[in-house]
Structure formats: structure tokens, C-alpha cells
1. With respect to the numbered conditions (1) part of a loop (DSSP other than H, G, I, E, B); (2) among the hydrophobic types (A, V, I, L, M, F, W, C); (3) more than 16 Å from Arg42 (Cα to Cα), which one is the sole condition not fulfilled by Phe68?
2. In the stretch 584-604, is there at least one residue being over 22 Å from Thr505 (Cβ atoms), assigned to a helix (DSSP H, G or I) and out of contact with any Cys (no Cβ under 7 Å at 6 or more places or on another chain)?
3. Conditions: (1) open to solvent by less than 20 Å² (accessible area, probe 1.4 Å); (2) part of a strand (DSSP E or B); (3) over 30 Å from Asp522 (Cβ atoms); (4) in contact (Cβ under 8 Å) with a residue 40 or more places away in the chain. Val50 meets all but one. Number of the miss?
4. Does any residue of the stretch 24-43 turn out to be part of a helix (DSSP H, G or I) and either of a type in the set (Val, Ile, Thr) or at pLDDT below 95 (or both)?
5. Give me the residue from the stretch 534-572 that is in contact with a strand residue (DSSP E or B) (Cβ under 6 Å, 6 or more places away or on another chain) and of a type in the set (D, E, K, R) and, out of that set, most open to solvent (accessible area, probe 1.4 Å).
6. Would you confirm whether any residue within the stretch 46-58 is in contact with a strand residue (DSSP E or B) (Cβ under 8 Å, 6 or more places away or on another chain), polar (S, T, N, Q) and closer than 28 Å to Ala395 by Cα?
7. Could you check the stretch 143-180 and list, in sequence order, the residues that are farther than 26 Å from Gln109 by Cα, open to solvent by less than 10 Å² (accessible area, probe 1.4 Å) and of a type in the set (A, V, I, L, M, F, W, C)?
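The values are calculated or read from the model by the stated rules, or taken from the named source; none is laboratory data. Predicted model only: the values in this text are computed from it and were never measured. Glycine gets a Cβ as well: all are built from the backbone with ideal geometry, and neighbour counts include every protein chain shown. Remember, those area values only see protein heavy atoms, side chains included, never the ligands or the DNA or RNA. Shrake-Rupley method; radii C 1.70, N 1.55, O 1.52, S 1.80 Å.
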Amino acid sequence: MSKTTPFGSWQSPITPDLICERGDRVAEPRFADGVLYWIEGRPAEGGRSVLVRRNSDGAAVDLTPAPFSVRSRVHEYGGGAVTIGKGVIYFVNDADQRIYLQVADEAPQPLTAAGACRYADLQYDATRHRLLAVLEDHQADGEQPPENRLVAVDCATGSVATLASGADFYSTPRISPDGDRLAWLSWDHPNMPWNGSELWLADIDDDGLPSTPRRAAGGEDESIFQPEFSPRGVLHFVSDRTGWWNLYRLDGETATPLAPKDAEFGRPQWQFNMRTYGFSDADTVIACYTQDGVWHVADIDADRRFRVLKLPYTTIDHLDAADGRAVLLAASPRAAATVVTLDCLTGIATPARAASKSISLDKWLSVARPLSYATRDGATAHALYYPPHNPDHAAPRDERPPLLVKCHGGPTAAADSSLDLGIQYWTSRGFAVLDVNYRGSTGYGRPYRRQLEGQWGIVDVTDCLDGARHLVDTGCADPARLAIRGSSAGGYTVLAALTFHDLFTAGASYYGISDLETAMTDTHKFESRYGDRLIGPWPDALDTYHRRSPARHAARVNCPVIFFQGLKDRVVPPSQMERMAESLDKRGVPVAAITFADESHGFRAATSIRTTLEAELYFYGRVFGFAPADTLPDVEIRNADKLIR
């Protein structure tokens, strides 16, 4: 029988330790020579990333010995840090960003020279026994941005040869099965790859260099994603030329659409080696796509016949295929992302990683409810609503729950319905959560993404405000206990909402941007012109940058705020947080600031994850006047005498 307990005070089995225990981040599953591999990020090991192989007996074996960690820092977000060729593993090591080679159970050996070069998007070229990669060269004067190039790394000597240069950015090198052609993507400032990018195709000459490169698709207002050669050597790619990221095949000079749909077969390319399709055989594409917030898997044959496979998953983050099999990074509202293999003929999906043996959480899970609502300017925004849920507790009949409005990062990312124990941590304690896909989010077509252009800090904020008001108006949230939380670009939305509006009564900013001018002048190359589209061309729109910067209007913030910041963050430097927190402190606003000496952009270590969850819960308890059931470490809140007692 459930106990009557105030919202926020519910006892929950979803603890920070459990979240860390089940918090291994799985990424980039792939087949190589018929063997399945993937990468696991381990919070319990300080966030170290390990390459894992699934043996024929089903056992998962760690291949990366400590202290090595498989992680690229190109663009700061990395990706594509490992490839396998002829039984040899090639990977980028986090600590020094060199490429290492590893044979069987032997110790990894450095392949590239020590220095200030970073590598990503590794691809093995079997014809020439070399690696194709994106190189980010930081060796120039520190006043100059790094140079990005497409390169080839000799697997015997480690020597590096440039294949393409001159563009601001490169990604996704792909070589044809016969080794005669090379495809890649490039783009230039101020575009991000999801704004406009170009697909290039070249023959490879006798010296292994691109010859007569030609643009096959893309441009200033067309985003290309994941070029890939089929086993027959036909180039495929994803383009949003119709307003939706759809899949195409290059027939001579003609781009043939394989499955025209109002659906997205692509993703915003924040990281390298992102994949949404592969080839299960010479004539069949197997692809994942999202429509109305739900991901699906389908196969498409040479005649463009389209067959949807019925799978028990709503989110697919990565897909690779070979020899009649596919591997997915799949999740559902009741299952966190895991590696799943798929028999492409029968459609039978089988988890490749063993499930956790700890307690079943099913009866404590709050399942996402899709929500669309009208905005104040007559548009429509989308979100996922999670009601508070715990079978052991019920709130007093006349009490409404506190609400956490969650702002995803990017801001081109998207909230999805997959199981997120970080959300369940709150709902199982008596919070309602609204995970907002504000205008600008991915998954609803290019026009929806473009509604944020020139409007960042405006429509994303109002979509969060209007979502919260919708839940208040429908009796699903307490108007006196509304909090907003987010990270990175989502942290900016948090701070803008608290600065320029007075709806929310508390906020949590995780490495959020507070000064837009500084964000453009003190950040890494990849995002240094991002604001040109989101806000206005830099520096011509300087006044707009100032008007929308929370740090320049901090005197308008009157509600308590808690900040979390990694001190090694190059994307959003700590000075952004420090300036904002100091301003609130001087004005007597309750504020807490928690920093992590060894974290960068995004927290990976178990100790950091545990600290943030416990501190944020403690903070809301003090702000909203409830007593959490958890035993929590005290958090230093400056000006705490202004809080509810």
C-alpha cells in the first residue's frame, strides 16, 4: 500500500549509485571481419572508454587495457576513434590523441608521432594498408585556429599524407570496395554540417591521392550526411534537399531517392562516424529513420521496395550492417540504450550485451507521453511529459508536483523516449519532468530546425515557458515550484529563461553559456561561428549578442540557481559560469556553484555524476521547502538565508 508523502520526498530505488552502475555509455557498434565490436564509456573507471569484442560464444571481452582510453577530441566531441583492419585494432588514445595499433592481446603501440595533432573518423584502406582520417592540427601559433585536413596514415610507418585541405572542416572519408574511389564531406564557416555541407567524390591515382575531385551533392543550403559505398560500389548518401533528411543513391550523375518520406534518415553531425544505414547484402539497404518522434528500422531493396521491420524499440542511435546482419544501438521507454543484433531476413532482434542483474525497475518507471502544444506566437512545439510515479508513494490529494523542464543541448539535438535513469531519478521522487523539443530540434524536418535561426534565446525559451504553463493550466504542475535545467546550449536556454522571464522559481545550469560574445571569441573552432545563424553574423550583430546574454543582464535574475562546471571545458570555459555566479552572489541571490577539476564538456566519472544528482536534489529541497528521503551531503548555497525555511 502506498504511503501519503509530499512530492519530492519519495523514497526511490533509483539511486545515483544505481545510475552509475547502469550508466556505461555504449557507442559505435560495428562489424569487422564478421566480428561484433562496440565502445563502452565507464563512469566507474573515471569515464575511460574501452573497445569491447563479442566472441563467438557470446562473451563480451574488453580489448583496451588501462590506462588507455578510446576517445578522439577533434571538434572536442570526437567520434570515429577506432577502426579494425586485418585483425589489427587502430585507435585514438584520449590522453595524447595519438593513433595506436594493437595486435591480439599485445600492448598497444603508438603509430603516429607525439605532438599537437588530433585524429578522428578512422577508416581502414585495405588496398593500401593505411588509415583514412580527419586530422585537426593544433601545432600552429596558439592565436590561430587549428587546421583541419583529410589525411592518410601509413599503417607500417605512421607517416601522414594529406588527401584534401582548404575547407574549414572534413568528415566521413569512405573508400569504394575496389579501392579506386574516395568520397568525403566538407563544409566551411559559418555553416555547421547540418546547415550546409558538400559531398565530394574523386578517383584515386597510383600514388593513393585523390584525382579530379568533383562535388557530387550538397551546398550552402543542403546538408549531406553519411556517404557510403554499397558492396557493388554504388555511392549512397543522406540529403535534406526536400526539407527532410532522406536516403539517395548516386546513379551516374543522378541522385535517386530510395525512400521519399516526411521523415529523417539523418542526424546533426556533432560527432564523427554517425551512421543511420548500412548494407545487409549487395542489393539491400537497411536503415533507421525517425518520424513523429519515434525511430523505425526498414530495409530497401534495389528496386526501392520499402519494408518496415517491427522492433520493440523507439530510439535508434547507430546502425551498421554486413552479411545479412545489422547491429543497432537501440532503446525503448523501458530499456536503456544497448547493443542489439538483427537478423535482416527474419527481423529477429537479440540484445548483444548482458542485461543488468540488479533489481528490476519496471514498476518505478514513468513512461514518456508525447505532447504537442501551441506557443504564444501561434506555432507548435513538441515535448515529452513524464508524470511523477512511484508505487510506494502517493502525494496529498490537494498537492501538485514540482516540475523540472529539461532543455536538451545542441541546440539541434532532440529529446527522445528512451529510458533515461537520470529522468527517472526525479519522477520516482515525485517530480514531473517535461523534456522539450523546442523549435530548432532535430527530427521534425529542416523547416522546424530553421525556426531557431536568428531566434536562439527567444523561441527555445518561449517554447519551454509555454510548455510549463501548459502543464500548470492542466493541473499537472505546481506554479510555485517550477524549475528549469539543461546542459551546454540547453544551459544557455536555462539562464536566458531565468534572466529575461520570471516564470521559473529555480534553475540548474550544467556548463551553460552565459555570455554569447565570449562564446564566439573564447571557444573551439568547430562552434566559433555557430552563432552567425543562431543569433546573427559576428561581429555585425554584436548588439544582439549583448541583448541576449544572461551574464550582461544578471541583475534581472531573482530566483535561486545552481551551476555545475568542468574546469577543463574548452567548449564552454569555466569563466562563463564564474562570472554569472559571482554576479548573483553579490546581489544576494541564492546560488551554488560546483566544479570538477578533471571534467571537461560533459561529466563522465561516477563521482561527478553522483555529486551532481545529489547536489541538485538537495538544492531543490531547500528552494521548494521539502525534505528529500535521501541522505544527502550538504551543498554550500550562498545567500541561503533568502531561501524558504
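1. It is condition (3) that Phe68 fails.
2. From the stretch 584-604, those over 22 Å from Thr505 (Cβ atoms) are 595-604; that's our starting set.
Adding the requirement that they be assigned to a helix (DSSP H, G or I) leaves none.
Checked the stretch 584-604: no residue is over 22 Å from Thr505 (Cβ atoms), assigned to a helix (DSSP H, G or I) and out of contact with any Cys (no Cβ under 7 Å at 6 or more places or on another chain).
3. (4)
4. Let us first name the residues in the stretch 24-43 that are part of a helix (DSSP H, G or I), namely 43.
With either of a type in the set (Val, Ile, Thr) or at pLDDT below 95 (or both) added as a condition, the list becomes 43.
For the stretch 24-43, residues part of a helix (DSSP H, G or I) and either of a type in the set (Val, Ile, Thr) or at pLDDT below 95 (or both): present.
5. So the residue we want is Lys568.
6. Step one: of the stretch 46-58, the residues in contact with a strand residue (DSSP E or B) (Cβ under 8 Å, 6 or more places away or on another chain) are 47-55.
Of the ones still in play, those that are also polar (S, T, N, Q) are 49, 55.
Retained after the next criterion (residues that are closer than 28 Å to Ala395 by Cα): none.
No, the stretch 46-58 has no match at all.
7. Once the filter is applied, which keeps residues that are farther than 26 Å from Gln109 by Cα, open to solvent by less than 10 Å² (accessible area, probe 1.4 Å) and of a type in the set (A, V, I, L, M, F, W, C), the stretch 143-180 yields only Phe169.
For every residue, the table says whether it meets (1) within 30 Å of Ser72 (Cβ to Cβ); (2) at pLDDT 95 or above.
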residue	(1), (2)
Tyr545	no, yes
Val561	no, yes
Asp585	no, yes
Ile594	yes, yes
Gly602	yes, no
Thr611	yes, yes
